[in-house]
Amino acid sequence: MGFDDLNPLLHSQLRLAIMSLLISVEEADYSFVKEQTGASSGNISVQMSKLEEAGYIEINKTFKAKRPNTSYTITNDGIEAFEEYVNTLQQYLDVPDSSKKG
């Protein structure tokens, strides 16, 4: 049995965590992502840029009460990539255990 390749962009722990958050909410702001992931500001910024370049997320910069606010939304391509990643990972988990035969 062959295994499909896992999407290397989503196989990063932080990027996978970010995508998991975004797939479960309509929109998440920077503070929420930072709080939920525990990642540093610089690391979040770098990983969000990679996800945006891939077309998996949109980055929205606005102002709230005269303060800058950055929020993120997952795109349709991002949803599709995440679902494909989960399905591929499921292949790895569904391997029959040969030690239980017989």
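Just so you know, all these numbers are worked out from the coordinates, no wet-lab data involved. Remember, predicted model here, so these are calculated numbers, not experimental data. FYI the Cβ positions are ideal-geometry reconstructions off the backbone, even for glycines, and counts take in every protein chain you see.
Please identify the pairs in which a residue from segment 73-85 that is hydroxyl-bearing (Ser, Thr, Tyr) has its Cβ atom under 9 Å from the Cβ atom of a residue that is assigned to a strand (DSSP E or B), counting only partners at least 6 apart or on another chain.
Thr73/Ala28; Thr73/Ile57; Thr73/Glu58; Thr73/Ile59; Thr73/Asn60; Thr75/Ile57; Thr75/Glu58
Name the single residue that is nearest to Ala81 (Cα to Cα) among those in segment 9-21 being part of a helix (DSSP H, G or I), of a type outside the set (Lys, Arg) and touching a helix residue (DSSP H, G or I) at 6+ places or on another chain (Cβ under 7 Å).
Met19
Checking Leu6 against (1) of a type outside the set (Phe, Trp, Tyr); (2) outside any loop (DSSP other than H, G, I, E, B); (3) surrounded by 13 or more Cβ atoms within 10 Å (Cβ to Cβ): exactly one of these is not met. Which one?
Leu6 satisfies all of (1) of a type outside the set (Phe, Trp, Tyr); (2) outside any loop (DSSP other than H, G, I, E, B); (3) surrounded by 13 or more Cβ atoms within 10 Å (Cβ to Cβ) except (2).
Within segment 27-34, identify whether any single residue is more than 22 Å from Leu89 (Cα to Cα), in contact with a strand residue (DSSP E or B) (Cβ under 9 Å, 6 or more places away or on another chain) and in a loop (DSSP other than H, G, I, E, B), and answer yes or no.
Yes, some residue in segment 27-34 is more than 22 Å from Leu89 (Cα to Cα), in contact with a strand residue (DSSP E or B) (Cβ under 9 Å, 6 or more places away or on another chain) and in a loop (DSSP other than H, G, I, E, B).
With (1) more than 11 Å from the chain's Cα centre (by Cα); (2) outside any strand (DSSP E or B) as the list, and Glu58 as the residue in question, which single condition is left unmet?
So Glu58 meets the others, but not (2).
Look at segment 30-80 and say how many of its residues are surrounded by 14 or more Cβ atoms within 10 Å (Cβ to Cβ) and on the phi > 0 side of the Ramachandran plot.
Looking only at that region, the number is 0.
Inspect all residues belonging to segment 28-35 and state whether any of them is basic (Lys, Arg) and without any contact (Cβ under 8 Å) to a residue 40 or more places away in the chain.
yes
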